[in-house]
Every structure is written in structure tokens, then in C-alpha cells.
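Structure, as C-alpha cells:
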Amino acid sequence: MSWSKASLVLSFLSIILGCSPSSSGEERKGISGFVVEIRPDTQQVLVAENDNTASDNRYDAVIYSVDNHTSIFDRKGNALIFSDITLGQEVDVWANTPDAESYPASAGASKIIVREDLSFPTSKITRSQAIHLALEEFSKNKTKGEIVKNTTFVENTWVISIMNYKGDVNQEIIIDANTGQVKETRG
């Protein structure tokens, strides 16, 4: 093969390889937020930032794929499995693949840490359970994509503030902390 043909082939290969997405497998910190969707058939979780983790009112959301290389733990270091992850839990995620250029983004999860659930002595319903109930109520709007902006516990009720990805649907859903019933929906 002549020098010019070899040079042309090498140039072509470097262009092709340079344009390919990186799959270096290097672990990097993903996002922290609430689990707002679980896809058991594909072992994926959608995690969206909240008021405490978002910057400049920009709420990142990432669909993380979980595989047999993903480590899942609680805050105490106890090993968990995919089916232990529930809607409404607060998690910290590390990724081993780059985020896809979409919203929500998608990436492979290398590690998921499930934060301790928030509860109060006067409440039979934990925060993650209240978020789960509020997400079910919010989904009745038939809007795509939910972001749990914040949660508060006031006078034996959980107040869950949720919006859709576009930000044009905002609701406060009030959950009775003892019965789990939706008491009121505002917005």
C-alpha cells in the first residue's frame, strides 16, 4: 500500500474514532435527587434534581441504566439490589458512561447510594412514601416528566411541590401523614 493510501486510511479511521462517543468507563459523580420513575423491565431509574441540588432553577434529570456492575448501597454501606430502589427515594448516583445529549439525559450507573428516608414520630408515612403518592396524583395531569422540587412536613401533612419538565405545570400536593390520603392539590 502506498504512503498516501495508508495516510488516507489512517486519517479516515481517526475521524471515525474521534467522533465516536467515549465509553471510557471512568467513574464520575452524576446527580443527586429523587427517584421519579422506575423502569423495572429495562432496569432503569429516572433521577431528577430538587431545589437543594439544582443550580439556577435548572433541574437536571438523568435516566440511569443499572446492570450487574452497578453497586447499590444504603448510607450505612449495606448492599442493596435494583428492586430495593423505590419511587420517591433520594439518591446520589455515579456514572460510568457519558450523558446522552437529551433531556432527560441517559447514562450508565456505576454506583447508587440510597439516602436515609425522612420520617417524623407523628407520621406513619415517610417522605419517600409521600413523594410516591404525590407522583401518582401528579401523573393524573397526563403531563410528561416530573421533578420533585421540594418537600416539607407541616402539621401532620407532607407538602410535595412538583413540576413538569417544561415548568408550565406546578402543583403542591398535600398528603395526610397518617393515612397517606391526598388532602389537597394546589396549582
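Remark: the stretch 27-40, residue by residue, has Karplus-estimated 3J(HN,Hα) of 6, 9, 5, x, 10, 10, x, 9, 6, 10, 7, 10, 10, x Hz, where x stands for each Gly or Pro and the curve is 6.51 cos²θ - 1.76 cosθ + 1.60 at θ = phi - 60°.
Near LEU80, the amide H atoms lying under 5 Å from its own belong to ILE72, PHE73, ASP74; only residues 5 or more places off or on other chains count, and H is placed 1.01 Å from N. The share of Cα pairs per 10 Å bin across the stretch 28-114, counted from zero up to the longest distance, runs 19, 57, 22, 2 percent. The equivalent ellipsoid of the stretch 127-186 has semi-axes of 19, 11, 9 Å, largest first, where each one is the square root of 5 times an eigenvalue of the Cα gyration tensor. When restricted to Cα atoms, the chain yields an Rg and a Dmax of 20.7, 81 Å, respectively. Panel order for LEU133, LEU80, by other beta carbons found within 10 Å of each beta carbon, from fewest to most: LEU80, LEU133.
With the helix formula -39500 (n - 2.57) applied to DSSP H stretches of n ≥ 4, the chain reaches a computed 222 nm mean residue ellipticity of -5000 deg cm²/dmol.
Is the C-alpha gyration tensor of the stretch 88-140 telling us rounded, prolate or oblate? Criteria: a/c under 1.5 is rounded; beyond that, a/b larger than b/c is prolate, otherwise oblate. Present the calculation step by step, with values, prior to reporting the outcome.
Values: a/c = 5.39, a/b = 1.70, b/c = 3.17.
Taking the square roots of the gyration eigenvalues as a ≥ b ≥ c, the stretch 88-140 is oblate.
Once R0 is set to 22 Å, what does the formula 1/(1 + (r/R0)^6) return for the Cβ-Cβ distance between ASN170 and SER55, expressed as a FRET efficiency to the nearest 0.05? Let's see the in-between values first.
Values: r = 19 Å, r/R0 = 0.86.
Using R0 = 22 Å, I get an efficiency of 0.70.
For the stretch 50-57, 3J(HN,Hα) computed residue by residue from phi via the Karplus equation (6.51, -1.76, 1.60; θ = phi - 60°) reads 10, 4, 6, 10, 6, 10, 6, 6 Hz, glycine and proline entered as x.
What pairs from LYS29/LYS140; LYS124/LYS166; LYS76/LYS183; LYS29/LYS166 go past 31 Å between their alpha carbons? Please list the in-between numbers first.
Working: LYS29/LYS140 33 Å; LYS124/LYS166 33 Å; LYS76/LYS183 34 Å; LYS29/LYS166 25 Å.
Distance filter (> 31 Å) returns LYS29/LYS140; LYS124/LYS166; LYS76/LYS183.
Label-to-label distance, LEU118 versus ASN150, with points set 7 angstrom from Cα along the beta-carbon direction: 1.0 nm.
Here, each number is a calculation from the coordinates, and none is a lab measurement. These numbers come from a predicted model, not from an experiment. Don't worry about glycine lacking a Cβ; one is built from the backbone with ideal geometry, like all the others, and counts go over all protein chains shown.
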